[in-house]
Structures are given as C-alpha cells and as structure tokens.
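Novice: Just passing along the structure, written as structure tokens.
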Amino acid sequence: MSRYDDVLLPLPGSRGEHEAQQEYDTTHRALAFYDHQVLTYLNPLMQQFIAQQEMVFVASADSGGECDSSFRAGAPGFVHVLDEHTLALPEYRGNGVMATIGNIRENGHIGLMFIDFYRTTVGLHVNGKARNVGSGELLDRGNISPELEAAATATGPMAALLWHVVEVEEAYIHCAKHIPHLQKLEKPIHWSTDDEVFKGGDAFHAKSCGRPWVEASPQVES
C-alpha cells in the first residue's frame with residue numbers, strides 16, 4: 001500500500017494533485033515537500049512572518065466552485081494571528097461588490113498567499129476555512145492583543161466592516177526562486193476613498209464595453 005492509500009494518515013493535498021504527481025513522476029519530490037514543509041498550524045516563524053506583512057492575496061469560491069482572487073492590504077500586521085490555528089483578516093470598505101464575503105457565506109474554503117517582495121522574497125500559503133464575524137464577536141473571543149482591540153474598534157476609513165476568521169488547515173512556504181525582489185517607493189494611501197483619480201479611474205476603458213446583463217435588460221420608459 002502506498003502512502004497515498006493510507007486512510008488513517010491522509011496526506012495533505014487533493015486526490016487530483018496526488019494523481020498528477022504519479023502521472024508526472026513527481027511523487028518523491030511531493031512527499032518530501034509534504035514531510036518537510038507542510039504544517040497544519042502556524043509555527044512561531046510563520047506567525048512572525050504574517051505579523052510583518054502589509055498585503056495578502058485571497059482566494060475564495062462560491063458554492064458552485066466559481067473562483068475569485070482578491071488583493072488585500074493594510075498596515076504591517078493587519079492580518080492578526082489569534083493563535084497557531086487561527087487568523088483574523090479585516091474586510092475594509094471597497095467597491096461594494098462583496099465577492100469575498102459572499103463566497104465565504106456559501107463556501108468557507110479560503111486560500112491566503114502572503115509574499116514578502118521587499119526583504120526575503122519568500123511566500124507563505126495559508127489554507128483553511130473562514131467565517132465572517134463582526135468586531136464585537138471577535139472581541140468576545142477574549143485574550144485579544146492590544147493591537148487587535150485597536151483595529152477592531154477603529155473608526156473612519158480604517159474601520160473594518162467585518163472580519164474573516166480563518167481556521168488554519170495547511171501552512172507552507174512558497175519558495176523565493178521565482179518571486180521578484182521589489183523596491184518599495186513612497187505612495188500616499190487613500191483608504192476607503194471613492195475618488196476616481198486615487199482609485200485608478202477607468203484604467204481598462206471598461207465603461208464603454210458591452211455587458212450581456214445590461215443589453216438584455218428591458219428598457220424602462222421615463
């Protein structure tokens with residue numbers, strides 16, 4: 001019996017990726033990666049890494065499997081480590097579409113990708129299940145750090161609409177070899193603004209493009 005067939009000690013990853021590993025003869029490398037790099041919790045260095053990051057890429061999907069990938073940013077440490085098994089990610093005011101919130105309501109599976117472009121060029125994957133909670137429910141957990149309490153009670157443009165509490169299932173490195181080393185330049189950040197200039201305007205000239213849900217809508221006489 002191979003390690004892929006051991007139901008008592010299941011390996012990380014999906015059946016599909018295990019089948020692909022065997023098809024493309026990468027089983028040996030994949031097993032070494034699972035055994036040496038994949039954890040089911042955040043070890044102290046992973047927690048320290050997250051506390052230094054000011055951006056994260058968020059992957060989610062609805063109940064039908066339709067996917068969405070989104071970028072989130074904040075002050076360093078804006079994603080809070082509650083404990084080795086739990087993260088809290090704030091949802092700030094955005095374009096009003098609420099794609100990530102909506103997906104999590106239907107399907108709690110979430111993938112977070114932290115990348116340090118400026119120092120180590122190392123990345124950290126955190127996969128797990130998320131649920132949406134208000135600031136009050138988050139504070140009711142108890143044992144909250146002063147930094148998280150300040151973030152959960154913030155007002156103005158940095159007030160969180162809600163929080164995504166993520167129960168960690170997998171955490172593992174994204175190696176640095178293909179991540180570019182970038183230089184950070186100063187840029188004024190206008191949190192939660194609706195100013196089209198600061199938002200980037202119609203950068204892809206999408207306003208004038210056709211949309212089937214608009215074209216098919218009945219015209220309402222004025």
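The values are calculated or read from the model by the stated rules, or taken from the named source; none is laboratory data. These numbers were taken from a predicted model, which means no experiment stands behind them. Here the Cβ positions follow ideal geometry from the backbone for every residue, glycine too, while neighbour counts run over all protein chains shown.
Novice: Looking for something in contact with a Gly (Cβ under 7 Å, 6 or more places away or on another chain) and not polar (S, T, N, Q) - is there at least one such residue anywhere in the range 101-113?
Specialist: Checked against the condition, which is being in contact with a Gly (Cβ under 7 Å, 6 or more places away or on another chain) and not polar (S, T, N, Q), the range 101-113 yields at least one hit.
Novice: Between residues in the range 110-128 that are assigned to a strand (DSSP E or B) and residues that are basic (Lys, Arg), which pairs lie under 7 Å by C-beta distance while being six or more apart or on different chains?
Specialist: Close Cβ pairs (under 7 Å, with a partner that is basic (Lys, Arg)) amount to Ile110/Lys129.
Novice: Tell me which strands (runs of 3 or more DSSP E) are completely within the range 1-95 and hold 2 or more residues being among the hydroxyl-bearing types (Ser, Thr, Tyr) and under 19 Å from the mean Cα position of the chain (by Cα), or say none if there are none.
Specialist: Details: elements: 55-61, 67-73, 80-83, 86-91.
Per the criteria, 67-73.
Novice: When you check Ile179 against the structure, is it at pLDDT below 95 and surrounded by 13 or more Cβ atoms within 10 Å (Cβ to Cβ), yes or no? Steps first, please.
Specialist: Numbers: at pLDDT below 95: no; surrounded by 13 or more Cβ atoms within 10 Å (Cβ to Cβ): yes.
The answer is no for Ile179.
Novice: To continue, here is another question. For residues that are of a type outside the set (Gly, Ala, Ser) and assigned to a strand (DSSP E or B), scanning just the range 170-206, find the one that is nearest to Pro90 (Cα to Cα).
Specialist: Filtering the range 170-206 for residues that are of a type outside the set (Gly, Ala, Ser) and assigned to a strand (DSSP E or B), the one nearest to Pro90 (Cα to Cα) comes out as Glu170.
Novice: Could you list, ordered by first residue, the pairs with Cβ atoms under 6 Å in which the first is in the range 52-68 and touching a residue at least 12 places away in the same chain (Cβ under 8 Å) and under 12 Å from His109 (Cα atoms) and the second is among the charged types (D, E, K, R) and surrounded by fewer than 17 Cβ atoms within 10 Å (Cβ to Cβ), at least 6 apart or interchain?
Specialist: Ser60/Asp68; Asp62/Glu106; Ser63/Glu106
Novice: If the Cβ limit is 7 Å and pairs must be 6+ apart or interchain, which residue in the range 27-44 that is farther than 17 Å from Gly123 by Cβ pairs with which residue that is modelled with pLDDT under 95?
Specialist: So the pair list comes out as Leu31/Arg3; Tyr34/Leu11; Tyr34/Pro12.
Novice: Here's something else I'd like to know. For the subset of the range 129-145 comprising residues that are part of a strand (DSSP E or B) and either in contact with a Cys (Cβ under 6 Å, 6 or more places away or on another chain) or not basic (Lys, Arg) (or both), which member is farthest from Lys177 (Cα to Cα)?
Specialist: Among them, the one singled out is Val133.
Novice: Please identify the pairs in which a residue from the range 165-192 that is in contact (Cβ under 8 Å) with a residue 60 or more places away in the chain has its Cβ atom under 7 Å from the Cβ atom of a residue that is among the basic types (Lys, Arg) and in a loop (DSSP other than H, G, I, E, B), counting only partners at least 6 apart or on another chain.
Specialist: Ser192/Arg93
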